[in-house]
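The values are calculated or read from the model by the stated rules, or taken from the named source; none is laboratory data. No experiment lies behind these values; they were computed from the predicted model shown. Heads up, the Cβs are rebuilt from the backbone with ideal geometry, glycines too, and the neighbour counts pull from every protein chain shown. To get the accessible areas, we keep the full protein, side chains included, count just its heavy atoms, and leave off ligands, DNA and RNA. Shrake-Rupley method; radii C 1.70, N 1.55, O 1.52, S 1.80 Å.
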Amino acid sequence: MESDWPGRWNHVKKFLERGGPFAHPDFEPSSETLQFMQEVCKILVIGAGGLGCELLKNLALLGFRNIDVIDMDTIDVSNLNRQFLFRPKDVGKAKAEVAADFINNRVPGCKVKAHFAKIQDYDESFYRGFHIIVCGLDSIIARRWINGMLVSLLNYEDGELDQSSIIPMVDGGTEGFKGNARVVLPGMTACIECTLDLYPPQVNFPLCTIAHTPRLPEHCIEYVRILLWPKEQPFGEGIVIDGDDPKHINWILDKSQERANEYRILGVTYRLTQGVVKRIIPAVASTNAVIAAACATEVFKVATSCSHPLNNYMNFNDTEGVYTFTFEAQKRDDCMGCSQIPQALSFSENDKLQDVITHLIESNTYQMKSPGITTCVDGKNKTLYMQTVKSIEAKTKENLKKTLKDLGLRNGQEIYVADVTTPTSVTFRLQLGTSMDDS
């Protein structure tokens, strides 16, 4: 990578100092654009895994100098086959820190700053400091959270979006031999929530199959994870499974192999066990390279205006040959994330609060994980249910069995829902039918 640097940089300089037939109408070739890339433009890369490593390398070789990278994970042996910035000596260290040091040492003048943390650990003042945010994530929850953060940073004046408050997001994702890249201009183009139905639902196996008629190695692993772990509590009461702890994975592996032997099922391995526990789809290095190249190109376009950016979603598939397709994802007028319009929830006044919670979790539109609901009664905030804080859950759990009418909720009343998928609460307006309507 180091030997390629002079030639690559000279190519970038020539490209930005001349015009061309495919240039953006606003593009003016000049050395000032180069100066902006090197000295001014700040980019945040979220994720330092297989896709994140490729992104960091590409952005550095394109000439971007001020890059931050954030990742909450440490390096595992299994990462070494596709996350090329890491070496065996790095196992156990923070991914973000090792990746940043590698790039800083190999690309002259590049200043990558590492953050070994969760994206939720930082507030809006941190994210306001970047010109472009690039995602190389394997988590839909994290993707939705950063989308919500960027939407919350938008400013509106008399209903008109202040475009200077927009922080573009370039998002990449890979699964095996498939991938996608997209450009999101919050408030202007389709955001992550606008196209949430594009993400496949998480695979869950029927509990009756897991418990009584297992046929796959995954069934045996899920049996141990769901039923045996809470029953036997092998590492102490209340200890939850840590997918990155070899002791936890080995215990699940041993128990899964015992069950697999009982039902003459083959294929239970350490890698599969960890994959099932962490909901991992195996990554392919070549797919990461293709999608990272596409994302870095879009960052370059957005930062320099040298060409029209992607509009706005690209699919890639090389399971059989190579296939790509680009289309414009449509912005939804009633989007939960970026529409600024309260969402309508239609229920009967005799429905229970548990029905609302279940709908928010199972609906393809919302796909929430652990929603907490509050409302306003006589000018005071009232918590109806909150799962994430144990003391509050204990006090509000009984509300789940009550009807919306019993809770004093009326037609047209607003409720506010907090969830791990968004940094801000979502406003819903209840549309309640009466028992007469039901009859």
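With Ala344, Ala293, Ala303 as the choices, which residue is at pLDDT 95 or above and either closer than 26 Å to Ile192 by Cβ or assigned to a loop (DSSP other than H, G, I, E, B) (or both)? Can you show your working first?
On the way: Ala344 fails: at pLDDT 95 or above; Ala303 fails: at pLDDT 95 or above.
Only one candidate passes the filter, namely Ala293.
Can you tell me which residue in segment 363-409 is least open to solvent (accessible area, probe 1.4 Å), limited to those that are closer than 19 Å to Arg144 by Cα and touching a Pro at 6+ places or on another chain (Cβ under 9 Å)?
Gln367
Just name the residue that is farthest from Gly136 (Cα to Cα) out of those in segment 284-301 that are open to solvent by 40 Å² or more (accessible area, probe 1.4 Å) and not hydroxyl-bearing (Ser, Thr, Tyr).
Lys301
Before we move on, is Asp254 in a loop (DSSP other than H, G, I, E, B) and within 25 Å of Thr273 (Cβ to Cβ)?
Here the answer is no, as Asp254 does not meet what is asked.
For segment 64-94: of the residues being in contact (Cβ under 8 Å) with a residue 40 or more places away in the chain, surrounded by 20 or more Cβ atoms within 10 Å (Cβ to Cβ) and touching a Cys at 6+ places or on another chain (Cβ under 9 Å), which is farthest from Asp242 (Cα to Cα)?
Looking only at segment 64-94, we keep the residues that are in contact (Cβ under 8 Å) with a residue 40 or more places away in the chain, and these are 64-74, 76, 78, 81-82, 84.
Okay, now just the ones that are also surrounded by 20 or more Cβ atoms within 10 Å (Cβ to Cβ), so 64, 67-71, 82.
Within this subset, residues satisfying the condition of being touching a Cys at 6+ places or on another chain (Cβ under 9 Å) are 64, 67, 82.
On the way: Phe64: 36, Ile67: 31, Arg82: 22 Å.
Per the stated criteria, the residue is Phe64.
Would you tally the residues in segment 117-132 being assigned to a helix (DSSP H, G or I), surrounded by 14 or more Cβ atoms within 10 Å (Cβ to Cβ) and of a type in the set (Ser, Thr, Tyr)?
1
Quick check: is even one residue across segment 412-427 assigned to a helix (DSSP H, G or I) and open to solvent by less than 60 Å² (accessible area, probe 1.4 Å)?
No - not one qualifying residue is present in segment 412-427.
Within segment 133-147, is even one residue charged (D, E, K, R), open to solvent by less than 20 Å² (accessible area, probe 1.4 Å), assigned to a helix (DSSP H, G or I) and under 25 Å from Tyr199 (Cβ atoms)?
Within segment 133-147, one or more residues are charged (D, E, K, R), open to solvent by less than 20 Å² (accessible area, probe 1.4 Å), assigned to a helix (DSSP H, G or I) and under 25 Å from Tyr199 (Cβ atoms).
In segment 240-252, what residues are open to solvent by 20 Å² or more (accessible area, probe 1.4 Å) and at pLDDT 90 or above? Talk me through it step by step, then tell me what you get.
Just the residues of segment 240-252 that are open to solvent by 20 Å² or more (accessible area, probe 1.4 Å), to begin with: 240-242, 244-247, 250-251.
Answer for segment 240-252, where residues must be open to solvent by 20 Å² or more (accessible area, probe 1.4 Å) and at pLDDT 90 or above: Ile241, Pro246, Lys247, Asn250, Trp251.
For segment 189-210, indicate whether the set of residues that are at pLDDT 90 or above, β-branched (Val, Ile, Thr) and open to solvent by 20 Å² or more (accessible area, probe 1.4 Å) is non-empty.
Scanning segment 189-210, I find at least one residue that is at pLDDT 90 or above, β-branched (Val, Ile, Thr) and open to solvent by 20 Å² or more (accessible area, probe 1.4 Å), so the answer is yes.
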